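Enquirer: Please find one structure pasted underneath; my questions will follow.
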Amino acid sequence: MLKALKIFLYLTVFGVVSGAIATFVVYEHVKDRIPTVAELKDIKLQIPLRIYTADHKLIGEFGEQRRTPITYAQLPPGLEHAILSAEDSNFYHHPGVDIMGLGRAAMQLITTGQIQGGGSTITMQVARNYFLSFKQTFTRKFTEIFISLKMERELTKHDILTLYVNKIYLGNRAYGFQAASQVYYNKPLKDLDIAQYAMLAGLPKAPSSFNPVANPSRALIRRNWILQRMLSLGYITKDQYQTAVEAPITAKDHGITPQVDAGYVAEMVRSELHDTYKDDLYTAGLTVYTTINSKKQKDANEAIYNGVLAYNTRHGYRGVLDKKPDLLKEPQAEQMKALNSYPGLQKWRTALVLSTTDQTANLLLSDGTTYTLPWDGMSWAKPYIDENSQGPAPTKTTDIMQAGDIIRVRPDNQGWQLAQIPKLQSALVSLRSKDGAIQALVGGFNYYESKYNRVTQSKRQPGSNFKPFIYSSALSHGYTAATTINDAPVVFSDTGLAKAWRPTNDGGKFYGPTRLRPALYRSQNIVSVRLLDELGITPTLKFLRRFGFNPDNLPHNLSLALGTANLSPLQIATGYAVFSNGGYQVKPYLIDHITDRHNKVIFQANPVTVCDSCTLLDKSSDSDQQMGLFNTPEGVRSLPVAPQVLDPSVDYIMYSIMRDVIKLGTGRRARVLDRPDLAGKTGTTNDGKDAWFSGFNGKITTTVWSGFDNSTSLGLNTNGSEEWGGSVSLPTWIDYMRPALAGTPPAYIYKPSSLITVRIDPKTGQRALPGQKNAIFEIFRKDHVPPRRTQSNLGSDSGQDSDAQQEKQTDNALENLF
């Protein structure tokens, strides 16, 4: 007995010593893989780049791993209980490893030579997910154990559980439970119920096998097993268990759904930041807050969509998508497969024409539903011949489609209507005029079809949309709105042009001597060219720097007056912002601020801002930029003051002329908005390749461009007239500005006190004679008022004094109207 006891003691000591030696040997072998204390406490998750609007609506996310980290305080107790029940019910009591699990691992090692799994605690899963691979080997398993023991010494249980819930992979590219909650239920964790918590808690064991979207039956079994565990561990009551176990599966693949459709904006931000952060951009956890206003962006999207479709509809139907009469004999499953093979647009449907009547078509839509298309939904489809002409209007359904045809339909207020993907493109950019903040931007009809951003990347000729910049140069150099230029045929032999040039007006009409005001609101080409010729190319190019244009990139010949420069819509809008804000140059910007993974602001935009009533600070000794205090949505901030580049008096006169563009000229359609504070200018190139409208009030500037990417002509309207800025781009501008300005008071441009309103002769632009009946009012700078004119045969001095007094009274009354 004694001998047996001694043998047992020897074996025990030998086992302990051998175990200690083995442990030491293993430790020496893996110690270099064990993270330091600093590494344990500085674990960084891969968090995608997220981009938001100014009002915190998600625009886009870039990164392979969908993850939204939370703190332990944000972890719902119901989810914590579900996780512990599923993975590690003894989590708060063990030292990081499960002794029974280790025994199983040792037995696996002895019998198979490898560690096959099992026995992993939550701590061990965290160790493996953060520091190791998933390869099942002896070395990895024991490294995992040593890391787990060290983690338990250096971190709290709450720290470890927080790392677990943020790191673990849960299928469908979701990493962490908050991301999984959005992906599967489109809700934050705090809004889920017990059954949904149990469903998510079942995913770590096998994200593919227990995925409620891909394998709902197995996921349901796993969920109910976890609910049973929660009941047995006392985390839920019998009533809660019964309710949860009877709950249906509600999970779907929601992905990460943007709250605002602004693909062009998201790509602009991503591209700009990638130059700085490279590929770390997609994992560093940066959050970008743009200047985009979510409501204005939505309005811009709808305006572009409706404007392009309106043009597309009036230019005729290019025909059905495909002809598949044999598809009518196939089962519906095959028909659906065929329909879904055609690319389409979001919310649109591809459809198979099953049969037709005289004025209806029975359709099978690509979502599996059927629909009877009424005549009102297809009667627009005149056959497309070219952009200038269409065939006769259809009178019956078979003029448009036959049974077995594949067509597209789009939603409307009544249901569906016949559709075709437009070839026309259009772009819109809207700026806050005081600091250049981009509040809405749409770079094309459909970002997912074409990522080419026409707001920034496309350089097109602005046509007459450029004329206000030429006119402002004239006013700045002594011309007035009443200066007359002869609108008559002329031939120029400009050295900058290849041959003699004979500019013409649209329609070929000439007006003779014309004041600058009507010349601009009627968009008379001859006047603009003659005006530039008088001003001189070189001084005008120098002046145009004030609007942000680089003279090196502008034509150095008289065609400049007709907008033959290649400029982007953003450049044009930036130039118009000078007119809108009282004559100050601002720079457009899109990123307001950026925060890191800890929500610390690491970048804050400091845009040059128009200083209306701000408090100016002393000029910094180390800066050439004057600073001012501004009230912003984030509070009072010190910002650079925008430089004044246009005399306020010149700016106001230009504003008044461009108000006449809307009241009397080529922008008359905008009168429907009933906003007397609006001003703007249309633009169409001579060959009809580009159509523009830029307009503004004292707070907002918006530019719309429309055209074809291949620069073909926009063609003729249904009434036979040329498509131009007022027919293509202006309606889109109106559709955007209507809701953008809704509920806001008029925002006029400030009128300097140095301006004087006097009566002039509308034909000559000279000061009106006393008593002249056809006299009109015009605004002048004090030093540029035309001299008074008198005629000795108009009567006594008293009569003249009476006329002068009446004129003065009228002038004073009119001061408040401009």
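Rule-based calculations on the coordinates, nothing more; no lab input. Since the structure is predicted, the reported quantities are computational estimates derived from the model, not experimental observations. A quick note on method: Cβ atoms are made from the backbone with ideal geometry, for glycine too, and the neighbour counts reach across all protein chains shown.
Enquirer: Once the Cα gyration tensor of the range 409-549 is found, what semi-axes does its equivalent ellipsoid get, as square roots of 5 times the eigenvalues, in whole Å, sorted largest first? Mind dumping the intermediate values first?
Expert: Working: eigenvalues 276, 84, 54 Å².
After scaling each eigenvalue by five and taking roots: 37, 20, 16 Å.
Enquirer: Hey, another quick one. Looking at the P(r) of the range 480-547, how many percent of alpha-carbon pairs lie beyond 15 Å?
Expert: 56 percent
Enquirer: Hey, another quick one. Near K323, which aspartates and glutamates are there with a Cα under 13 Å away, not counting those fewer than 8 places off in the same chain?
Expert: By straight Cα distance, K323 reaches D405.
Enquirer: Give me, ordered by chain and number, the residues 5 or more places off D322 or on other chains with an amide H under 5 Å from its own placed amide H.
Expert: I406
Enquirer: Using the basic label-point model (7 angstrom from Cα toward the beta carbon), what is the D191 to Y277 distance in nanometres?
Expert: 2.6 nm
Enquirer: Hey, another quick one. For the range 711-777 and the range 340-390, what is the separation of their Cα centres, given in Å?
Expert: 41 Å
Enquirer: Take every Cα-Cα pair in the range 225-273 and report what % of them are more than 17 Å apart. Before the final figure, lay out each step's value.
Expert: Numbers: 719 of 1176 pairs.
When every Cα pair of the range 225-273 is considered, 61 percent fall beyond 17 Å.
Enquirer: Explain nothing, just compute: Karplus ³J(HN,Hα) = 6.51 cos²θ - 1.76 cosθ + 1.60, θ = phi - 60°, for every residue of the range 527-544 in order, whole Hz, x for Gly and Pro.
Expert: Taking θ as phi minus 60°, the curve returns 4, 5, 5, 4, 4, 5, 4, 5, 5, x, 5, 4, x, 5, 4, 4, 5, 5 Hz for the range 527-544.
Enquirer: Along the Cα→Cβ direction, 7 angstrom out, place labels at R218 and A393. What is the inter-label distance in nm?
Expert: Going from the R218 label point to the A393 one covers 6.1 nm.
Enquirer: Over the range 318-419, what is the relative contact order in percent, taking alpha-carbon pairs closer than 8 angstrom and at least six residues apart? Could you put the intermediate results ahead of the total?
Expert: Working: 184 pairs, mean separation 34.8, N = 102.
This gives 34 percent for the range 318-419.
Enquirer: Taking amide H atoms as placed 1.01 Å from N in the peptide plane, list the residues 5 or more away in sequence, or in a different chain, whose amide H sits under 5 Å from that of G60.
Expert: Amide H neighbours of G60, under 5 Å, 5+ apart: I51.
Enquirer: Now for a different question. Rounded to the nearest 20 Debye, what is the dipole magnitude of the range 318-419 about its Cα centre when Lys and Arg each give +1 and Asp and Glu each give -1 at the C-beta? Walk me through the numbers before you get to the answer.
Expert: Values: 11 positive and 12 negative charges, 32 e Å.
Computed about the Cα centre, the dipole is about 160 debye.
Enquirer: OK, next. Which pairs break 22 Å Cα to Cα here: K298/K337; K296/K699; K459/K587? Write out the running numbers ahead of the final one.
Expert: On the way: K298/K337 33 Å; K296/K699 14 Å; K459/K587 18 Å.
Checking Cα-Cα distances, K298/K337 exceed 22 Å.
Enquirer: What are the extents of the Cα atoms of the range 551-616 along their three principal axes, listed from largest to smallest and rounded to whole Å?
Expert: 55, 32, 17
Enquirer: Let me ask another. With a cap of 11 neighbouring Cβ atoms within 10 Å, and only residues DSSP puts in a loop, list the trypsin sites (Lys or Arg not before Pro) found in the range 398-498. Walk me through the numbers on the way to the answer.
Expert: Values: sites: R408, K423, R432, K434, K451, R454, K459, R460; in loops: K423, K434, K451, R454, K459.
Sparse-neighbourhood loop trypsin sites (Lys or Arg not before Pro): none present.
Enquirer: Also, I was wondering about something else. How much length is gained on full extension from A742 to I385, taking 0.36 nm per residue of separation minus their Cα-Cα distance?
Expert: Values: separation 357, 0.36 × 357 = 128.52 nm, distance 4.03 nm.
Length gained between A742 and I385: 124.5 nm.
Enquirer: I want the local charge near A747. Using Cβ-Cβ distances under 10 Å, sum +1 for each Lys or Arg and -1 for each Asp or Glu among the other residues. Please report the intermediate quantities before stating the final value.
Expert: On the way: positive: R675, K699; negative: D677.
Combined, the nearby Lys, Arg, Asp and Glu give +1.
Enquirer: Tell me, what is the FRET efficiency for D687 and V490 to the nearest 0.05, using R0 = 30 angstrom and their Cβ-Cβ distance as r? Display every interim value, and only then the final one.
Expert: Values: r = 21 Å, r/R0 = 0.68.
Working from the Cβ atoms, E equals 0.90.
Enquirer: Calculate, in nm to one decimal, what D533 and E302 gain on full extension: separation in residues at 0.36 nm each, minus their alpha carbon distance. Don't skip to the answer; put the middle values down first.
Expert: On the way: separation 231, 0.36 × 231 = 83.16 nm, distance 4.20 nm.
Contour length minus the Cα-Cα distance gives 79.0 nm.
Enquirer: Right, next: Write down the Å³ per residue value for the convex hull defined by the alpha carbon atoms of the range 318-419.
Expert: Values: hull volume 10.3 nm³, N = 102.
Considering the Cα atoms of the range 318-419, their hull volume per residue is 101 Å³.
Enquirer: Could the peptides 252-259, 66-73, 219-226 be put in order, highest first, of the mean number of other beta-carbon atoms found within 10 Å of their residues?
Expert: On the way: 252-259: 14.1, 66-73: 17.2, 219-226: 20.5.
Going by the mean number of other Cβ atoms within 10 Å, highest first, we get 219-226, 66-73, 252-259.
Enquirer: Return the sequence-ordered ³J(HN,Hα) values of the range 345-351 in whole Hz as given by the Karplus equation 6.51 cos²θ - 1.76 cosθ + 1.60 applied to θ = phi - 60°, using x for Gly and Pro.
Expert: Calculated HN-Hα couplings, in order: 10, 4, 6, 7, 9, 8, 9 Hz.
Enquirer: Moving on to the next point. Kindly provide the helix-only [θ] at 222 nm of the chain, computed as the sum of -39,500 (n - 2.57) over DSSP H runs of four or more divided by all residues, to the nearest 500 deg cm²/dmol? List each step's numbers first, then the result.
Expert: Values: 22 runs with 281 residues, N = 818.
So the calculated ellipticity at 222 nm is -11000 deg cm²/dmol.
Enquirer: Between Rg and the Kirkwood Rh of the range 204-344, both from Cα atoms, what is the Rg to Rh ratio?
Expert: On the way: Rg = 24.8 Å, Rh = 21.8 Å.
Rounded to two decimals, Rg/Rh equals 1.14.
Enquirer: Could you go through the range 732-744 in sequence order and give the Karplus-derived ³J(HN,Hα) for each residue, using 6.51 cos²θ - 1.76 cosθ + 1.60 with θ = phi - 60°, rounded to whole Hz, and x for Gly and Pro?
Expert: Values, residue by residue: 5, 4, 4, 5, 7, 5, 4, x, 5, 9, 4, x, 9 Hz.
Enquirer: Which FRET efficiency value, to the nearest 0.05, do you get for D506 and I249 by plugging their Cβ-Cβ distance into 1/(1 + (r/R0)^6) with R0 = 56 Å? It would help to have the intermediate numbers written out before the result.
Expert: Numbers: r = 64 Å, r/R0 = 1.15.
Approximately 0.30, to the nearest 0.05.
Enquirer: Would you be so kind as to identify which of T257, A284, L231 lies farthest towards the positive end of the dipole of the range 212-296, taking Lys and Arg as +1 and Asp and Glu as -1 on Cβ and the Cα centre as origin?
Expert: Positive-end residue among those listed: L231.
Enquirer: Something else about it: Along each of the three principal axes of the Cα atoms of the chain, give the extent in whole Å, ordering the values from largest to smallest.
Expert: Per principal axis, max minus min of the Cα coordinates gives 151, 80, 57 Å.
Enquirer: Hey, with R₀ at 22 Å, roughly what FRET efficiency would K323 and Q346 work out to, going by the Cβ-Cβ distance, to 0.05?
Expert: Values: r = 26 Å, r/R0 = 1.16.
Using R0 = 22 Å, I get an efficiency of 0.30.
Enquirer: How far apart, in nanometres, would the label points at T615 and T718 be if each is projected 7 angstrom from Cα along the Cα-to-Cβ direction?
Expert: 6.0 nm
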